[in-house]
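Participant: Have a look at the structure that comes next, please.
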Amino acid sequence: MELALGEARAAAARGEAPVGAVVVRGGEAVAAAGNRVREWGDPTAHAEIVAIRAACRAERLARLDGADLHVTLEPCAMCAGAIAQARVARLYYGAADPKGGGVDHGPRLFRQPTCHHRPEVYGGIDETRCAALLKDFFAGLRA
């Protein structure tokens, strides 16, 4: 999660919502990314999507069977769908997102009968630091 937090901090420095994601296989980081929505003018450029795309390119695979994804914020429904499509084995996330989350809140995508792949999900990893980064960033915008 430390590498994901670093990506989130870099995203904040770019004026992006501070979310970071890292794809890990065999204990090694394959790809890491932070949000790039504003920078790229792309509403799909969430950290999870950017990291999954980079990992697939790096491994020359369309799926990430057996890989782990570490992300600082509970993925939204769009990102949860990408995680399922990529066949990520395990999802570790930091802060819960009661308003925009799609894993343990909102649509709870992995619990739907139409979801063909369900990763193991572990929430609350380093939750205090992940949540503080988000709260501080958005408080700064309102100041």
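The values are calculated or read from the model by the stated rules, or taken from the named source; none is laboratory data. This one's a predicted model, so the numbers in the text were calculated from it and none came from an experiment. Heads up, the Cβs are rebuilt from the backbone with ideal geometry, glycines too, and the neighbour counts pull from every protein chain shown. The accessibility values were calculated without ligands, DNA or RNA, using every heavy atom of the protein model including side chains. Shrake-Rupley method; radii C 1.70, N 1.55, O 1.52, S 1.80 Å.
Participant: Could you run the Karplus curve 6.51 cos²θ - 1.76 cosθ + 1.60 with θ = phi - 60° over region 98-103 and give me ³J(HN,Hα) per residue in whole Hz, x for Gly and Pro?
Facilitator: Whole-Hz 3J(HN,Hα) from phi for region 98-103: x, 8, x, x, x, 9.
Participant: Related question: Using the Cα gyration tensor of region 1-50, with a ≥ b ≥ c the square roots of its eigenvalues, what is the shape: rounded (a/c below 1.5), prolate (a/b larger than b/c) or oblate (neither)?
Facilitator: Oblate is the answer for region 1-50, as a/c is 1.5 or above yet b/c matches or exceeds a/b.
Participant: Also, quick follow-up: Net charge around residue 124, counting only other residues with Cβ within less than 13 Å of its Cβ (Lys, Arg = +1; Asp, Glu = -1)?
Facilitator: Surrounding charge for residue 124 is -4.
Participant: What is the local net charge at residue 76, summed over the other residues whose Cβ is closer than 14 Å to its Cβ (Lys, Arg +1; Asp, Glu -1)?
Facilitator: My count for the surroundings of residue 76 gives -2.
Participant: Which value at 222 nm does the chain reach when only helices count, each DSSP H run of 4 or more adding -39,500 (n - 2.57), with the total divided by all residues and rounded to the nearest 500 deg cm²/dmol?
Facilitator: -11500 deg cm²/dmol
Participant: Just want the answer: with Cβ charges of +1 for Lys and Arg and -1 for Asp and Glu, which residue in 107, 134, 96 is farthest toward the dipole's positive end in region 88-143?
Facilitator: 107
Participant: For region 56-134, rounded, prolate or oblate, judged on the Cα gyration tensor with a ≥ b ≥ c (square roots of eigenvalues), a/c < 1.5 rounded, else prolate if a/b > b/c?
Facilitator: Since a/c reaches 1.5 but b/c is at least a/b, the shape of region 56-134 is classed as oblate.
Participant: Could you put 128, 72 in order of accessible surface area, largest first, with the 1.4 Å probe and the full protein assembly present?
Facilitator: 128, 72
Participant: Where Lys and Arg each count +1 and Asp and Glu each count -1, what net charge lies around residue 90 among other residues with Cβ under 15 Å from its Cβ?
Facilitator: Charge balance in the 15 Å sphere: -3.
Participant: Between residue 54 and residue 28, what's the calculated FRET efficiency when r is the beta-carbon distance and R0 is 22 Å? Round to 0.05.
Facilitator: Approximately 0.95, to the nearest 0.05.
Participant: Here is a further query. May I ask you to evaluate 6.51 cos²θ - 1.76 cosθ + 1.60, the Karplus curve with θ = phi - 60°, for each residue of region 122-132 and list the ³J(HN,Hα) values in order in whole Hz, giving x for glycine and proline?
Facilitator: 10, x, x, 6, 6, 4, 4, 5, 4, 5, 4
Participant: Let's see if you can work this out: charge +1 on each Lys and Arg Cβ, -1 on each Asp and Glu Cβ, no other charges. What is the dipole magnitude of region 1-110 about its Cα centre, in debye to the nearest 20?
Facilitator: That gives region 1-110 a dipole magnitude of about 240 debye.
Participant: May I pose another question? Go ahead and run the numbers for FRET between residue 118 and residue 62, Cβ-Cβ distance against an R0 of 22 Å, rounding to 0.05.
Facilitator: E between residue 118 and residue 62, to the nearest 0.05, is 0.70.
Participant: Can you tell which of 90, 60, 108 shows the greatest fluctuation in a Gaussian network model of the chain with Cα springs below 10 Å?
Facilitator: With Cα springs under 10 Å in the chain, the top fluctuation among 90, 60, 108 is at 60.
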